[in-house]
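The values are calculated or read from the model by the stated rules, or taken from the named source; none is laboratory data. Since we're looking at a predicted model, the values are computed, not measured. Don't worry about glycine lacking a Cβ; one is built from the backbone with ideal geometry, like all the others, and counts go over all protein chains shown.
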Amino acid sequence: MAPMTINVNEANLVFHLQTDHTSYIFRIMENGEAGQIYYGQKIHVQPNYKNLTSREWRDDNPSLSEEDPNFQPPAIKSEYASLGKGDFRYPAFQVTQENGSRITELTYDHYQLLNGKSRLADLPSTFDDANDDAQTLVLSFKDQITGLTLELNYSIFPHQDVIVKSAKFTNPSSEKLVLNRALSSQLDLPDSNYDLIQFSGTWARERHLYRNQLRPGIQSISSLRTSSSHQQNPFMMLARPQTTDEQGDVFGFNLVYSGNFLDSVEVDQYDTSRILTGINPDEFGWNLAPQTSFQTPEAILSYTTEGMNQLSQQMADFYSQHLVNPRFTHEDRPILINNWEATYFDFNEAKLMTIVNQAHQLGIEMFVLDDGWFGHRDDDTTSLGDWFVDKKKFPNGIEHFSQQVHDLGMKFGLWFEPEMISIDSDLYQKHPEWMIHDPKSTPTPGRHQFVLDMTRPEVIDYLYDLMSHMIESANLDYIKWDMNRHITEMFSSELTSDQQLEMPHRYILGVYQLYDRLTKAYPNVLFESCASGGGRFDLGLMYYAPQAWTSDDTDAAERMLIQFGTSYGYPQSMMGTHVSAVPNDQMGRITSLKTRGAVAFFGDFGYELDITKMAPEELDQIKDQVAFYKQYRHLFQFGKFYRIDSPFVGSGNVISWQVVSDDRKQAIAARYQLLNHPNAPYTRFYFKGLDPNQQYQINDDAETYYGDELMNAGYFVPTILADGKESKDFYSQLFVAKAV
Ligand code: GLA
């Protein structure tokens, strides 16, 4: 019998949701709406929380009750607020009735407690397949005006201190209703003494950390690109000003969604912070026709008092158990070589086979054939949509090429950009209407290409047929699913005029549907998502594609920042990390092969350069890197990740992080230095997460050290970094700690 994690006080209608270390409490108020009471460190279950629900009169506010004039909406912390009944903050939802009114009066109807957590129907979602004590509470509300019903879903995952929330609207009436906004989660916190920590950037510079104190008014991150985007990631944190990676209170918020999103924090007149996360209400409108429902994506909330490393670790653990395709949860990911930066579009089977053979000798496990294998795609102006092989490059078909790769005992992967169409393609000749465009407007190209209307079932069928044909005929082990532009002229001639605002969400549902069909039909194919690098690095896609290409920027120094930032919200096993050539194609920077390896080790490792052009010493080095990675692969991909020296704090010149095995018998720390400076101070490196009573050997040191010494007193880092032989700019050191 699972321990009670959801406590309901029937008499007072108080709901207290407990995880191992947190409490989330709310109640039904006298007007039938749900009022938020507390979210934070675990506290005792009580029949009510009078102290926390005390009210005081504040001037200049409407009142909801004659008996209790202090019941004033602007001063109330609510669970899922409407607009129009006196709470003037931005609401969680809004519905328009046939007469144009947007006023609703949703009141509590009943609740339901369920064991476990089931998946959502058309959206990626969390689950509890392994019966890890999850429990679900469904609270139902009914609108006194329209009859509309609202279900607020709360699922508790006690051991990872995670709460998953979503909302579902159903229209049982005969009236046509329109949802103007339907966020996934609202959380009203009682004060605003927090820093908002977000992960922003652009192409090739994804997920850099920005930390700012909350201020009165709305602050938000969002996307209108029909994609979670390079520019803003849906993951954000609210941390007390003193909180660091090591200690302090912090909330994490994320969304299991890949389309237009909004994460907003509104600090109101009484310093309450309202956090809303969900589908961006801009460019959204959903017809809730009679007898239909609308389910929002799921929002993830997590909390700890123990700093941001702990938050990242508990969320990473949660995703691996309750979100990622279970087929791949604990599966070591293959070391791959991808031909993109090696050849770009200039290749044929013979050229690729020289790379494959070389890779095989070096111990690399998978070859990924990137863009350019289909149609007549010799540059990026043509052929998207024509997912059949270019016979000029592969006279005997991809099957033959794939067979040769497989014959060497290697795996074989293929690149697709399913959602796209080139004007110069057979597909466009046949189905120009499948391209997203507004017939009255000039289509705006992006990378010379356009986007397919993924709201059309026939488009999904077409892509499914061609992709499954390739999967079967070429015996694919892996697919890299790319998406290289954002949508303009968002309009579908398939949809009615009043459905056009449904299109951004319907588009994403189409993407999910194709992913769902393919992953169900081919459960052993490993999918890696990609969007010009890390432009769709989100939990929605993580559900289908356990790994993602982190960034098109493969420069080691830039990757230190990108991977450091990404690690706050996502585990290393999700990050594709490759060694590429120097001078680096994006930055022109030269870094050593050693440093490129030492950065790429901390993720799903691979190579992305022409290994047939490398000197024998470099090939030896690659062989060593591959062997080293294989030895510690599980630790690199699935070990507990600790950030130690941040590039986003202080000078940022030294960056370090570390992974530790579950049994704490192995750990690997990396210390990177951007620029070398002369006559350095004596330096110690402080390990994290070791067993204090265990003795460890570091690299090949003859001596051993207790974990407590390595963590508290540190490990001497040699910094005589000017022996004249090797540049100590962009320098890396790895410390492998092994229990003895
Ligand atoms: C995107 C990807 C790259 C590569 C190219 C191919 O930019 O991020 O890794 O696949 O497309 O066109």
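Before moving on, here are some points about what is shown:
- Applying the criterion of at least 2 residues that are more than 30 Å from the chain's Cα centre (by Cα) to the helices (runs of 4 or more DSSP H) found wholly in segment 295-392 leaves 349-362.
Per-residue answers, yes or no, for (1) at positive phi; (2) buried (at least 20 other Cβ atoms within 10 Å of the Cβ):
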position: His406; (1), (2): no, no
position: Gly409; (1), (2): yes, no
position: Phe416; (1), (2): no, yes
position: Asp426; (1), (2): no, no
position: Pro443; (1), (2): no, no
position: Phe450; (1), (2): no, yes
position: Val459; (1), (2): no, yes
position: Asp465; (1), (2): no, no
position: Met483; (1), (2): no, yes
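- Segment 542-556, residues that are under 20 Å from Val256 (Cβ atoms) and within 14 Å of the ligand (Cβ to nearest atom): Ala545, Gln547, Ala548, Trp549, Thr550
- Close pairs from segment 460-476: first more than 24 Å from Trp434 (Cα to Cα), partner among the small types (Gly, Ala, Ser), Cβ under 7 Å, at least 6 apart: Ala474/Ser402; Asn475/Ser402; Leu476/Gly413
- Selection within segment 536-561 - over 23 Å from Leu224 (Cβ atoms) and more than 13 Å from the chain's Cα centre (by Cα): Asp553, Thr554, Asp555, Ala556, Ala557, Glu558, Arg559, Met560, Leu561
- Just one of the listed residues (Gln41, Gln36) is crowded, with 19+ Cβ neighbours inside 10 Å and under 30 Å from Asp132 (Cβ atoms), namely Gln36.
- Verdict on Phe687 being crowded, with 20+ Cβ neighbours inside 10 Å and of a type outside the set (A, V, I, L, M): yes
- Among the residues of segment 653-674, those that are farther than 22 Å from His578 by Cα, touching a residue at least 40 places away in the same chain (Cβ under 8 Å) and either part of a loop (DSSP other than H, G, I, E, B) or aromatic (Phe, Trp, Tyr) (or both) comprise Arg664, Lys665.
- Filter result for Ser320 (modelled with pLDDT of 95 or more, buried (at least 24 other Cβ atoms within 10 Å of the Cβ) and either under 26 Å from Asp477 (Cα atoms) or touching a Cys at 6+ places or on another chain (Cβ under 6 Å) (or both)): no
- Matching residues in segment 20-32 - criterion: being assigned to a loop (DSSP other than H, G, I, E, B) and under 23 Å from Gln135 (Cβ atoms): Asp20, His21
- If you go through segment 298-345 and keep only what is acidic (Asp, Glu) and under 21 Å from Gly606 (Cα atoms), you end up with Glu331, Asp332, Glu341.
- Filtered residues of segment 209-218 (kept if surrounded by fewer than 18 Cβ atoms within 10 Å (Cβ to Cβ) and either in a strand (DSSP E or B) or touching a strand residue (DSSP E or B) at 6+ places or on another chain (Cβ under 6 Å) (or both)): Tyr210, Arg211, Asn212, Gln213, Pro216, Gly217, Ile218
- In the set Tyr570, Tyr515, only one residue is in a loop (DSSP other than H, G, I, E, B), more than 15 Å from the ligand (Cβ to nearest atom) and either touching a His at 6+ places or on another chain (Cβ under 8 Å) or not hydrophobic (A, V, I, L, M, F, W, C) (or both); that residue is Tyr570.
- Top-ranked residue of segment 424-455 - restricted to ones that are part of a loop (DSSP other than H, G, I, E, B) and within 30 Å of Val525 (Cβ to Cβ), ranked as nearest to the ligand (Cβ to nearest atom): Arg447
- Applying a threshold of 6 Å to beta carbon distances and a minimum spacing of six or more residues, or different chains, the list of pairs starting in segment 145-168 at a residue that is over 22 Å from Thr304 (Cα atoms) and ending at one that is part of a loop (DSSP other than H, G, I, E, B) and among the small types (Gly, Ala, Ser) reads Thr146/Ser173; Gly147/Ser173.
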